[in-house]
1. First measure r as the distance between the Cβ atoms of Ala301 and Ser176, then evaluate 1/(1 + (r/R0)^6) with R0 = 41 Å and state the FRET efficiency to the nearest 0.05.
2. Using only the Cα atoms, what convex hull volume per residue in Å³ does the chain have?
3. In nm, what is the difference between 0.36 nm times the number of residues separating Val199 and Asp259 and their Cα-Cα distance?
4. Please list, ordered by chain and number, the residues whose modelled amide H lies under 5 Å from the amide H of Arg6; skip anything fewer than 5 residues away on the same chain.
5. Multiplying the sequence separation of Asp148 and Asp211 by 0.36 nm and subtracting their Cα-Cα distance, what value in nm do you get?
6. For n ≥ 4 DSSP H runs only, could you compute -39500 (n - 2.57) per run for the chain, divide by its residues and tell me the 222 nm figure to the nearest 500?
7. Filter the DSSP H helices in the chain by two things, a Kyte-Doolittle mean of at least -0.5 and an axial alpha-carbon span of 20 angstrom or more, and list the hits by number.
8. Per residue Cα convex hull volume for the stretch 111-171, in cubic angstrom?
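What follows is calculated from the coordinates using simple rules that are stated; it is not laboratory data. Values in this document were obtained by computation on a predicted structure and should not be read as measured data. Reconstructed Cβ throughout: ideal geometry from the backbone, glycine too, with neighbour counts over all protein chains shown.
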Amino acid sequence: MDMPMRVTVTGAAGQIAYCLLPFLARGDVFGTDQPIELVLLDIEEAQTSLRGVVMELEDGAYPLVSVIHCTSNVSEAFVDCDVAVLLGAFPRKLGMERRDLLLQNAAIFKEQGEAIHKYAKRSVRVLVVGNPANTNAAVLAHFASAIDKKQITALSRLDQNRATSFIANELKVSPSVVKNVFVWGNHSNTQYPDLFHAVTNRGPLPDWLRDENFLREKFIPIIQERGAAVIKARKLSSAMSAANAVADHLRDWFAGTQDVVNMVVCSDGSYGIRKGIFFSFPCYCYGNGTFEIVPHFPWDAFGDPYIQRTKQELYKEWDQAFATLLP
Ligand code: NAX
């Protein structure tokens, strides 16, 4: 057995954490030989509920979980942290503007970035899920300046999984044979789900799935609005599928993969996206928390206006967040 890995989960009393923690505890993410110490952070008001989650984890008698530690103290949460999964964020309330949500959450991710900078291992890997995830990751990366930006990612795998599954359903095949469906940009309804490079084990997609009217009227809006559709039906936001996507993202980042996967990562200028912006790109994962943006999947003329829109939205979010955070 390896040395225990210290995994911090924030928003640990929330609904995504409730679905995610069993994946982590069973070894479905970091491997069945990898013991873990779980550090669970949530706000003071959620501590009673968090204690209930801990009781259930204990009752699972998971052999890989050596320690479970609960806290509402941000500094304590990140001491010697190997992996941070940041689910905790301020929820959007009725009538709240997206800008207010952005600023409220920027303050949370500033504080957590500073704590990671001070207390986490230099090798820490961070996955931001709390919304607005791209900009929260950019804020965190700025304030965790001791940590290489390639060690900080955010989640767009749920969007990629939704798009892949949609195509598999249309073709009546398993999602596992559908490859290279990409979702670019912001994890918001400006994201651009892109089928230009998509293939199945039988070759390129049929023409009707590439038809511009089908893409514009059906595929793209359905994927962009899928989160809202789940809320409308369930009266709660996606949790099971979000936890599954978090597990997929982390497993691929740590174990590596043959497939190209979507991750929100810090732009190095690839595809003309401004450096420092956290943008969903197609990536190869090489294992042990390493990845590269794959450079050879350009979008076509049809996709360009969508990319411009999501890119501009992210530039605006960046300006709004940093205008208040930086002196
Ligand atoms: P919940 O509202 O069920 O749970 C959030 C938890 O975070 C609560 O327990 C709350 O007390 C805690 N929290 C709030 N402020 C905190 C802070 N400063 N420090 C630590 N914990 C804090 O939300 P849930 O459904 O679990 O979703 C979590 C986040 O994921 C939300 O921001 C949500 O918008 C976001 N999502 C992001 C997705 C993505 O693909 N990037 C998809 C799923 C999800 O919607």
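1. With R0 = 41 Å, the Cβ-Cβ based efficiency is 0.85.
2. 139
3. Going from the current span to full extension adds 20.4 nm.
4. Glu37, Asp82, Val83
5. Roughly 18.5 nm would be gained on extension.
6. -12500 deg cm²/dmol
7. Answer set is 240-255.
8. In the stretch 111-171, the Cα hull volume divided by residue count equals 82 Å³.
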